[in-house]
Amino acid sequence: MIDAHVHLRDMDLSYKEDFTTGTAAAAAGGFTTVLDMPNTLPPTDSSSRLIEKIERAQSKILTNVGFHVAAVPDSAQISQMSRLGAYSLKLYMPNPISPLDIQDDNTILTLLQSSKESDLRVTVHGEDQGLLRQPYNKETESFVELAKARSEQAELHALSRVLGLAAKTGCSVHLSHITLPSSILAARKYRHATTEVTPHHVLLSEKAIKRKGWKAWMVPPLRSESIRKNLLLLLSKGLVTIVASDHAPHTIEEKSGAVAESPPGVPGLETTLPLMLTLVTRRVLSMSLLIRLLSSNPARVFNLPGKGRLEEGFDADIVLVDLKRKTRIRPESFLSKAKYSPFENVHVQGQVHTTLVGGTVVFQDGEIVGKPGSGRIVKRGVRG
Ligand code: NCD
Ligand code: ZN
């Protein structure tokens, strides 16, 4: 299993998660390869920053790890980061990770062009900066109000703008954590677009924000029950390219303080596969579709040769699951530093039994048995 959207943090944010705890959570959740996001401290926005991260990660990881890098305006940097094996340029539309004039079409066009020349995909967080109602009421005590400030229009507008600009350049774009059925349908009209949904956006709705507050606060926010149902329907029909967790750990202290200051994001590495397997046991998804969404499609989209198939000559990155085992999600036993979840106490059927990375058992019977450093750094297009 490959999780293409993970915030492993580390560096100066290692109090939230580090390379060892993040990849331990991955192994426990059945993921053998994760692709890390660049919105760290410092951000991964140059070749030297990428090298720094690779060097730091090497001795700490339990699974395979690859890196997305920040979208930057400098095309020389883009080509250097591409040569170092970056998986994509992350374009964070609400608030660019590295300085970039996000509202200027020409800036985005140039970025898409350079990206195409370096054979890199642009991974998009689609929420339009200008349409997010800000500033928030600093006194707000309501996560529902925070969620309302990040409208459906903000997503639709951002994504259709990027799709239109990408079509002019032929650049491949990957649309992260889509929340709306209409976004999926819009993306399907562009040949070089791929789509991603998270378990939380297909299984939970704004009712969870009311009931669980900060535990269900992430961006883009959870939507209405009817949107959620239709998104799940598109997923089950095979119209979405991949599922990713958007594992976004923060501390409970940060999350549970003043509402307007609460950082968005929830951990997902240890809940994604059990939740998806539950959909399989309930016959909402087929097992072959689950494997496409969590393994073969991410391998193809992000160009991970040797991965995504259980076949002679491919890497022995294997997860064994017990499909009969019924459990309940218990965040207090997560290996991630972020021990909370909007899925707390949810009953699931299907549990990870053993995770092998490169032929070595890393996780078995509820315990990490691998050693930090046993995972590999993976690079786009390079056979590990
Ligand atoms: C992510 C984070 O915390 O880094 N938060 C989130 O709510 N999804 C950022 C992101 O992926 O947008
Ligand atoms: Zn995002």
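Summary of computed values
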quantity: Solvent-accessible area, 1.4 Å probe, carbon plus sulfur percent, for the stretch 46-174; calculated: 46 percent
quantity: Bridge type composition, the chain - antiparallel percent by DSSP, nearest 5; calculated: 35 percent
quantity: The chain, dipole about Cα centre (Lys/Arg Cβ +1, Asp/Glu Cβ -1), debye to the nearest 20; calculated: 1180 debye
quantity: Debye intensity ratio I(q)/I(0), log10, the stretch 41-163, q values 0.21 Å⁻¹ (C-alpha model); calculated: -1.10
quantity: Lys pairs under 14 Å by Cα in the stretch 198-318, provided they are eight or more residues apart or on distinct chains; calculated: 5
quantity: P(r) tail fraction, the stretch 41-85 - alpha-carbon pairs more than 16 Å apart, %; calculated: 34 percent
quantity: Cβ-defined net charge surrounding V6, 9 Å radius [Lys, Arg +1; Asp, Glu -1]; calculated: -3
quantity: Carbon + sulfur, % of accessible area of the stretch 232-342 - ligands and nucleic acids excluded, 1.4 Å; calculated: 52 percent
quantity: Rg over Rh [alpha-carbon atoms, Kirkwood Rh] for the stretch 247-383; calculated: 0.99
quantity: Cα gyration tensor, the stretch 1-44 - rounded (a/c under 1.5), prolate or oblate; calculated: oblate
quantity: At q = 0.13, 0.15, 0.17, 0.21 Å⁻¹, base-10 log of I(q)/I(0) for the stretch 302-384 (Debye sum, equal scatterers on each alpha carbon); calculated: -0.57, -0.73, -0.89, -1.10
quantity: Relative contact order %, the chain, counting alpha carbon pairs below 8 Å whose residues are six or more apart; calculated: 21 percent
quantity: Residue order for H157, H177 - accessible surface, 1.4 angstrom probe, largest first; calculated: H157, H177
quantity: Residues of the stretch 275-305 with amide N under 15 Å of the 7 Å Cα→Cβ point at F314; calculated: 287-305
quantity: Centre separation in Å (Cα based) which lies between the stretch 317-339 and the stretch 19-38; calculated: 13 Å
quantity: Relative contact order (%) - the stretch 225-384, alpha-carbon pairs under 8 angstrom, separation at least six; calculated: 21 percent
quantity: Phi to ³J(HN,Hα) by Karplus 6.51 cos²θ - 1.76 cosθ + 1.60 over the stretch 31-45, Hz, x for Gly, Pro; calculated: 8, 9, 9, 10, 10, 7, 8, x, 7, 9, 10, x, x, 8, 10
quantity: Dipole magnitude (debye, nearest 20) for the stretch 1-139, charges at Cβ of Lys, Arg, Asp, Glu; calculated: 300 debye
quantity: Dimensions (Å) - the chain, Cα atoms, principal axes, largest first; calculated: 51, 46, 40
quantity: Per-selection Rg to Rh, the stretch 184-245 - Cα, Kirkwood hydrodynamic radius; calculated: 1.01
quantity: Residues with amide H under 5 Å from that of K90, placed H, sequence gap 5 or more; calculated: V69, A70, A71, T123
quantity: Ranked order, E367, E254, E145 - accessible area, probe 1.4 Å, largest first; calculated: E367, E145, E254
quantity: Sites H353 and S59 - FRET efficiency at Förster radius 30 Å, r taken between beta-carbons, to 0.05; calculated: 0.65
quantity: Unit charges at the beta carbon, dipole of the stretch 50-95: most positive-side option, V65, A86, I51; calculated: V65
quantity: The chain - accessible surface per residue (Å², probe 1.4 Å); calculated: 40 Å²
quantity: I51 versus A149: modelled label distance in nm, points set 7 Å from Cα along the beta carbon direction; calculated: 4.1 nm
quantity: Label point distance in nm, I291-K371, each placed 7 Å from Cα along Cα→Cβ; calculated: 3.3 nm
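The values are calculated or read from the model by the stated rules, or taken from the named source; none is laboratory data. Since this is a predicted model, take the numbers as computed values, not measurements. As a convention, Cβ positions derive from the backbone with ideal geometry for all residues, glycine included, and neighbour counts pool all protein chains shown. Note: accessible area is taken over every heavy atom of the protein model, side chains too, but ligands, DNA and RNA are not part of it. Shrake-Rupley method; radii C 1.70, N 1.55, O 1.52, S 1.80 Å.
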